[in-house]
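Written out below as C-alpha cells is the structure these notes cover.
Nothing in this text is a laboratory measurement; each read-out follows from the coordinates by a stated rule. Source: prediction; values computed, not measured. Cβ: placed from backbone, ideal geometry, glycine included. Neighbour counts: every protein chain shown.
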Amino acid sequence: MNQLHTPDRRSFLRAATAAGAAIIGAPSITRGEASPDNRRLKVGLIGCGGRGTGAAGDAMTADSNVELWAAGDVYSESIEGSLNTLKKQFKDRVNVADDRKFTGMDAYQKVLESGIDVVVLATPPGFRPVQFKAAVEAGKHIFCEKPMATDATGVRMVLEAARKAKANGQSVVAGFCWRKSASRVAAMQRVLDGAIGDIIHYHATYYTGPVKPMSLPSDRKPEWSDVEWQIRNWYNFSWLSGDGYVEQAIHSVDKVGWAFGDKDPVSCMANGGRQVPFAGAEGYNIFDHFSCVYDYGDGRYATVSSRQTPGCDNENADYIHGTKGTCVINGDRVMITGENRWRFNKDEDNNMYVNEHVLMYEALRKGQPVYDGDWMCHSTFLGLMGRMSAYTGKRLTWDQVVNSHEDLAPDDLKWDSKFEPAPMPRPGITKVV
C-alpha cells in the first residue's frame, strides 16, 4: 500500500542544522525603539535559480542601500549564472567575493554564517523547513519563497520557528506575492469589508502548461547519484516540490485563504491525477491536474482547479460570489459587480514582486519587523489539504491535515545517497497518515 510519507523522523540535514545553534543571535537591524537604520544591509541568497535570482534583484530594486553579500547553491554554475545576471543591473552592489560563494548541501549554513542581515530562501521547498529553522536560529531576517514545506511535518517545523522569530523581533516575509499586489489588495479589502456581502462560493483557476521539463532517464549522467538526479528535476518529485498544486496553484489557494480571513475550513474533498503520461520519464510522481473543494461551513465553499497540460487554454482567475455581488480577478480585469460596483484602474497597479521587498525594508529601516509566519503556514496547510485529499481520494478534515504524520523528506540525506521516492499516488489505495 502506498504511503504519504517516508520514516516519520526528520533528521534530514540534522547535523548541519545543529551547527546553526552555535550562531544563535538577535537580529542585527535596529528595533522599534531605535532611530531609523540607514546602514547598507547585506543579503544572502540561498538557492540561485530563476526565482532566487529574481528575489535578490527585487531586494536591491526595493532598497538602494542593499547589497548581495553571499550566495549558496548545490551547483557552482548556478551561483555564477545568477551573479552574472544580477551584475548587469546592480553592478558593484553584487558584492559576493569568491570566499562567499558556497556550494554543497550545507551551503545554506555557510551563507547564514557569512555576516548577512537578511536571507532569501529560494531553494526547492522540500528544503525549506530545515533552512528556515536554521535562519531563525541564526538571528536573520527572512524572505522565504512559497510554499513553506511539502508536508505537514515540515509546516509545523516552520510555524514553530516563525513564532520564535516573531518573539525575537525578526522579520518573516513570505513569497505569496499576490498579497502585495495593489490591484489584489484593493479588491480583497473590499471583499473583506463586505462589498459583495457574505461569500457563498469562491472559484479559482490555475490552468497553465507544464512548469518544468521532465528529463528522460537517458539524460542522467552515470556519476549522478539519486539525490543529484532528483534535485536536477526537483519539480517532478513530490518530496522536493510538493506537486504542482502546492508549488504553483498554492497562489490561488492562498487567495482563497485570504478571502476567508485565513480561517480553517471544515473539510476538503478533491480529485486529481495524471492525464498526460510521463512518456519515457518513469520515476516521477506528481499529478498534472487537481480539483479541490473546501467546505467552510454554513453553505460556504471554495473550489480550486489546476491543470498543467500543453496545448490547452490557460487561465489564472478568481470568481468570488457573495450575497450582494461578485468579485472577478482575471489579469488586468479586477472588478466588483452587484450592489457596490467597482473596477480597479490597471494603471495604478504595482510590481508585486518588488513591493514585497519594499514593504519589508521600509519596515526594517524603521525598526518594525514584518511577520507573515502564521498565515503563510496556514495557506501551505490549505494546499497540502487539497493535495492529500486528491492523492488518497478521501474527504479530509482540517484537524487530520494539521496533525498528519506525513513526512516526505528523506532521513539523513546526503549528496551521494541512494533514494527511491514514493510511487505515483493512487486514490483509493494511497493512505492518509
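Summary of values
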| read-out | value |
| --- | --- |
| Cα-derived Rg over Rh, computed across region 174-235 with Rh taken as Kirkwood radius | 1.29 |
| Residue-span extension gain [residue 323 to residue 168] - 0.36 nm each, minus C-alpha spacing | 51.5 nm |
| Full-stretch length increase - residue 374, residue 193 - with 0.36 nm per residue and alpha-carbon distance subtracted | 63.0 nm |
| For peptides 125-132, 352-359, 210-217, 387-394, sequence by mean Cβ density within 10 Å, most packed first | 125-132, 387-394, 352-359, 210-217 |
| Under the Karplus curve 6.51 cos²θ - 1.76 cosθ + 1.60, θ = phi - 60°, whole-Hz ³J(HN,Hα) for region 77-93, x wherever Gly or Pro sits | 5, 5, 4, 5, x, 5, 5, 4, 5, 5, 5, 4, 9, 10, 6, 6, 6 |
| Among the listed pairs 42/133; 42/212; 324/394, those beyond 23 Å (Cα-Cα) | 42/212; 324/394 |
| Per-residue Cβ neighbour rank within 10 angstrom, fewest leading, 321, 405 | 405, 321 |
| Under Karplus coefficients 6.51, -1.76 and 1.60, residue-wise ³J(HN,Hα) of region 162-172 in Hz, glycine/proline x | 4, 5, 5, 4, 4, 5, 7, x, 8, 6, 10 |
| Among 227, 43, 304, residue whose mean-square fluctuation peaks in a GNM of the chain (springs only between Cα atoms under 10 Å) | 227 |
| Extended-chain gain in nm, criterion 0.36 nm per residue less alpha-carbon gap, residue 80 and residue 350 | 94.2 nm |
| Segments 158-170, 326-338 sorted - mean Cβ within 10 Å per residue, highest first | 158-170, 326-338 |
| Separation of alpha-carbon centers, region 326-401 and region 147-215, rounded to whole Å | 4 Å |
| Peptides ranked, highest mean first, by Cβ atoms within 10 Å: ranges 278-287, 412-421, 366-375 | 366-375, 278-287, 412-421 |
| Residues residue 414 and residue 211, FRET efficiency given R0 of 25 Å [Cβ-Cβ distance, rounded to 0.05] | 0.35 |
| Percent of alpha-carbon pairs separated by more than 18 Å within region 214-311 | 55 percent |
| Whole-Hz ³J(HN,Hα) from phi, Karplus 6.51 cos²θ - 1.76 cosθ + 1.60, for region 329-339, glycine and proline x | 10, 8, x, 6, 8, 10, 8, 10, 10, x, 5 |
| Semi-axis lengths, Å, region 85-200, gyration tensor of Cα atoms, sqrt of 5 times eigenvalues | 31, 20, 13 |
| Region 280-357 - Rg (one decimal) and Dmax (whole number), Cα, Å | 17.4, 54 |
| Equivalent-ellipsoid semi-axes of region 123-276, from the Cα gyration tensor, Å, largest first | 31, 23, 13 |
| Spatially proximal aspartates and glutamates relative to residue 263 (Cα-Cα < 18 Å; intrachain offsets below 8 disregarded) | 193, 198, 254, 295, 298, 372, 374, 399 |
| Cβ-Cβ FRET estimate between residue 99 and residue 40, R0 fixed at 22 Å, reported to 0.05 | 0.70 |
| Size of the chain as Cα extents on the principal axes (Å, biggest first) | 58, 54, 39 |
| Computed magnitude of the charge dipole of the chain (debye, nearest 20; Cβ of K, R +1, Cβ of D, E -1) | 340 debye |
| Sequence-distant residues sharing a close amide H with residue 274 (under 5 Å, placed H) | 288 |
